[in-house]
1. Condition test on Tyr188, is it touching a residue at least 60 places away in the same chain (Cβ under 8 Å), of a type outside the set (S, T, N, Q) and closer than 30 Å to Thr83 by Cβ?
2. I'd like to verify a number: residues in the range 388-423 that are of a type outside the set (Asp, Glu) and not in a loop (DSSP other than H, G, I, E, B), how many?
3. Return the residue satisfying two criteria in turn: it lies in the range 345-391 and is open to solvent by less than 40 Å² (accessible area, probe 1.4 Å) and of a type in the set (A, V, I, L, M), and of such residues it is farthest from Phe421 (Cα to Cα).
4. Please enumerate the residues belonging to the range 457-471 that are in contact with a strand residue (DSSP E or B) (Cβ under 6 Å, 6 or more places away or on another chain) and open to solvent by 10 Å² or more (accessible area, probe 1.4 Å).
5. So, in the range 297-314, how many residues would count as being open to solvent by less than 10 Å² (accessible area, probe 1.4 Å), touching a Gly at 6+ places or on another chain (Cβ under 9 Å) and hydrophobic (A, V, I, L, M, F, W, C)?
6. What's the number of the only condition in (1) within 23 Å of the chain's Cα centre (by Cα); (2) open to solvent by 60 Å² or more (accessible area, probe 1.4 Å) that Ala185 fails to meet?
7. If only one of Val367, Val374 is over 30 Å from Asp93 (Cα atoms) and in contact (Cβ under 8 Å) with a residue 60 or more places away in the chain, which one is it?
8. Which residue out of Ala425, Ala441, Ala467 is more than 20 Å from the chain's Cα centre (by Cα) and farther than 25 Å from Lys301 by Cα?
Amino acid sequence: MASPVFFVFLSALFFLLPSLSNSSLILPLSHSLSTTLFNSTHHLLKSTASRSAAHFRRHRRQVSLPLAPGSDYTLSFSLGSQTVSLYMDTGSDVVWLPCHPFECILCEGKYSPSSIPHPGPLNLSSAVRRSTCKSAACSAVHSSSPSSDLCAMAKCPLESIETSDCKSFPCPPFYYAYGDGSFIAKLYEDTLSIPMSTPSLKLPNFTFGCAHTALGEPIGVAGFGRGVLSLPAQLATSSPEIGNYFSYCLISHSFDMSRVRKPSPLILGRYENKEKKLRNEVSESEDVVYYSYTPMLDNPKHSYFYCVGLEAVTVGKRRIPAPESLRRVDRRGNGGMVVDSGTTFTMLPRKFYESVVGEFDRRVGEVYRRASSVEERTGLSPCYYGNEEEKSFASVPKLVLHFGGNSTVVMPRRNYFYEFFDGGAKRKVGCMMLMDGGDEAESDGGPAGLLGNYQQQGFEVVYDLEAKRVGFAKRKCASLWDSLK
């Protein structure tokens with residue numbers, strides 16, 4: 001029987017809860033299940049690990065990539081009279097969607113149609129408008145190219161360019177390349193509607209890309225990054241209290257649908273939390289909620305990344321200092337760790353990864369036998385066979401992440417050590433859920449590491465754009481709904 005893979009979609013209904021302020025919205029991230037894409041747990045993990053590596057390589061190349069099966073979070077909203085579903089991605093800053101007629105090359109098997117409620121393509125309404133070559137949005141999507149160059153590409157006459165009279169000429173199509181796909185889109189403006197209780201939130205002149213041709217990208221993306229065309233940035237133009245602060249709390253699933261009984265909340269804007277305390281340490285205790293904040297690192301080359309500095313990782317009782325490349329971003333835009341909702345597993349530069357994994361294996365390998373065949377089939381390492389007399393792995397050391405600003409986050413074991421039953425060996429297997437990000441010396445620059453969404457499960461992750469900080473709080477995400485009532 002096919003093993004399950006998670007798809008998460010954001011319901012078309014957005015709720016304004018009584019405990020939230022009038023400037024806050026909570027959106028349910030509802031899980032659905034596909035049993036058609038993977039034929040075993042090993043296949044699921046291998047595919048997810050391969051995508052995580054591809055996603056990290058695209059960050060190294062300084063391009064954006066949407067989510068893929070196994071790690072998807074999608075949101076639905078209305079443009080004009082039509083509802084569309086897009087992947088939510090904090091690692092990119094452009095909103096784009098497929099538009100009719102739409103041709104997707106090499107897209108077979110990229111997603112399960114039953115898992116995306118409104119995949120499109122979008123039928124453009126008569127009210128939709130092309131963005132002009134003079135618009136700031138056009139310049140932004142073309143990597144800050146001068147409007148004079150863009151208007152020349154749009155065939156605006158020279159005399160009109162000189163007199164800044166090219167308002168009737170549309171923004172030229174733009175090309176977007178990913179690690180494993182690409183598309184060409186035109187820039188449009190329309191009214192974005194987020195259904196909720198009265199009154200409905202509407203954002204006029206919402207700018208988005210409309211693609212008629214894509215390679216390997218059948219579903220659009222709602223970029224939540226720091227750029228001016230991202231969804232939060234555009235919301236902030238009319239409702240800064242909503243667009244400049246958002247958080248999500250991903251319910252821990254461990255690829256087991258039975259563990260997910262409620263949707264994961266995504267909150268736009270600040271909300272009143274009576275339990276909220278500030279302390280720069282997040283432990284495994286869930287009795288009291290502490291928020292630990294680390295500063296965002298500015299990237300002079302690619303400002304849309306949510307970069308933070310990783311100072312060290314503690315395995316058991318040993319603190320392993322992180323290399324300089326993970327601690328800060330240099331003047332060329334290289335270094336730092338990206339907090340990304342669009343990649344499943346955390347990636348670390350090779351030498352540092354080997355130090356962390358080596359210490360982990362030194363402790364765990366003394367008790368459990370390595371499962372080399374499982375490592376080959378899953379792409380994860382190290383993996384171990386459990387002891388027959390134990391129901392679960394007892395000798396697994398703690399893993400603690402130390403970020404800049406004296407921020408300390410204790411990882412729940414399920415966030416970095418995945419246990420499952422290996423049918424071939426007929427015994428329990430456990431694998432570490434961190435990945436080798438490659439040799440920095442052989443890379444083309446870019447971020448040194450990446451914090452994936454699997455390691456973010458069970459935390460409320462806060463993006464405070466005004467204070468330029470990212471926060472973590474250990475939460476019972478399913479119970480968070482009750483505190484918001």
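The values are calculated or read from the model by the stated rules, or taken from the named source; none is laboratory data. It should be emphasised that the depicted structure is a prediction, and the values quoted were computed from it without experimental measurement. Methodologically, a virtual Cβ is constructed for each residue, glycine included, from the backbone with ideal geometry; neighbour enumeration extends over all protein chains shown. Keep in mind that these areas ignore ligands, DNA and RNA; they rest on the heavy atoms of the full protein, side chains included. Shrake-Rupley method; radii C 1.70, N 1.55, O 1.52, S 1.80 Å.
1. Details: touching a residue at least 60 places away in the same chain (Cβ under 8 Å): yes; of a type outside the set (S, T, N, Q): yes; closer than 30 Å to Thr83 by Cβ: yes.
It is true that Tyr188 is touching a residue at least 60 places away in the same chain (Cβ under 8 Å), of a type outside the set (S, T, N, Q) and closer than 30 Å to Thr83 by Cβ.
2. Filtering the range 388-423 for residues of a type outside the set (Asp, Glu) gives 391-418, 420-421, 423.
Applying the additional criterion that residues be not in a loop (DSSP other than H, G, I, E, B) yields 399-403, 407-411, 413-415, 417-418, 420-421.
Residues meeting the conditions: 17.
3. Ranking the qualifying residues of the range 345-391, first place goes to Leu348.
4. Arg469
5. Total satisfying the criteria: 4.
6. (2)
7. Val374
8. Details: Ala441 fails: farther than 25 Å from Lys301 by Cα; Ala467 fails: farther than 25 Å from Lys301 by Cα.
Residue meeting the stated conditions: Ala425.
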